[in-house]
Amino acid sequence: MGEEELYRHLLRSGPASAEELAAALHQPHAEVARRTEALAALQLVALTAGAPERWVAAAPEVAVERLMECRQRELNRARGGLARLMDEYRSGHRPGAVAGPVEVVEGAERCGRRYAETVANTARELLVLSRPPFVIHGGVSLDVLGTLDRNVRCRSIYDRRALDQPHSVADITSYQAAGEQVRVLDELPLKLLISDRTTALLPGGDDRPGEWFVVSGSTLVEGLVSLFELLWERSVPLVPVHAETDVTEAGLPASDIQLLGLLFAGLTDAAIARQLSTSVRTVQRRLTRLMERAGVGNRAQLAWHAARGGWLTH
């Protein structure tokens, strides 16, 4: 059980004591207490006055603002820490040399090939942080679908700007249909590929295409895995929409679920229209229809209703 599940339960069911939460979520009391305290530290839940004390969830629009502020601080810390590590590494190593657990790969084509080879050689799990500019260029083949066909578990977090790229949502949808789990974050601190939790690839400063680091030391890779898991927990699921699904369990057309997923991932109306090959006016008309269906007056309230009603649960 994570903090998100507990928060969503409070949104759906209303105020509840720690004992009631433990019973409803089938979790030990100590675990529920730890999770609620973590949410309280973020001001996402609070105790009601009087006896018995009950936990109550903050309104979603307030919670989203607080989470965005918290995530931005965490991302800034991660970015600053990574920059310092890279500066320290460069000061003591010659580019192109292999020294200890870190290898420097130079040249845009070599970097692209090494990335593609790492994906192809993965046996069990891929963890990916993806943001533009992208490392794979002409002449280098990246067989993501072939990797997924080998039952390799793949979890990817996309920077919101990646979804602004032409046809990116169509590509991601095909990966999801093959088994990729996808989430979106407003801003990623870096690009990263982790293969089988043993090898990690990440670019040099400024996402330069001609310099990448290949990390194989267990402690370093474990730290990068922890960073990925932190970002995964704080990112927004991009709901997969399968062509054969006309209506979801929530009673909504699959196309509307895809629209909501893109909206909650942070895309503008214009970006959503480009990805769905439609007009901005059509996007706005469909969102208005969804707000009318939910009986709400704005998009923040629509987000709250969608979360409470489980529209984006999959």
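The values are calculated or read from the model by the stated rules, or taken from the named source; none is laboratory data. Fair warning: this is a prediction, and the values are worked out from it, not measured in the lab. Glycine also receives a Cβ, built like all others from the backbone with ideal geometry; neighbour counts cover every protein chain displayed. Areas reflect the complete protein model, heavy atoms only, side chains present, ligands, DNA and RNA absent. Shrake-Rupley method; radii C 1.70, N 1.55, O 1.52, S 1.80 Å.
The Cβ shell under 12 Å around S195 holds other residues with a net charge of +1, Lys and Arg each +1, Asp and Glu each -1.
Using a 1.4 Å probe and counting only protein heavy atoms, arrange T198, T147 so the residue with the most accessible area comes first. Kindly include the intermediate steps, with their values, before the conclusion.
Working: T198 70, T147 5 Å².
Reading off the accessible areas and sorting them downward yields T198, T147.
For region 272-297 versus region 1-24, the spacing of their alpha-carbon centroids is 31 Å.
For E292 and A108, a Förster radius of 35 Å and the Cβ-Cβ distance give a FRET efficiency of 0.10, rounded to the nearest 0.05.
So if each residue of separation counts as 0.36 nm, and I subtract the Cα-Cα distance between D164 and T198, what length gain in nm does that give?
Working: separation 34, 0.36 × 34 = 12.24 nm, distance 3.14 nm.
Residue separation times 0.36 nm, minus the Cα-Cα distance, leaves 9.1 nm.
Approximating the spin labels as points 7 Å out from Cα along Cα→Cβ, the H26-to-A120 distance works out to 4.4 nm. Spacing of the modelled spin labels on V280 and E69, each 7 Å from Cα toward Cβ, amounts to 3.1 nm.
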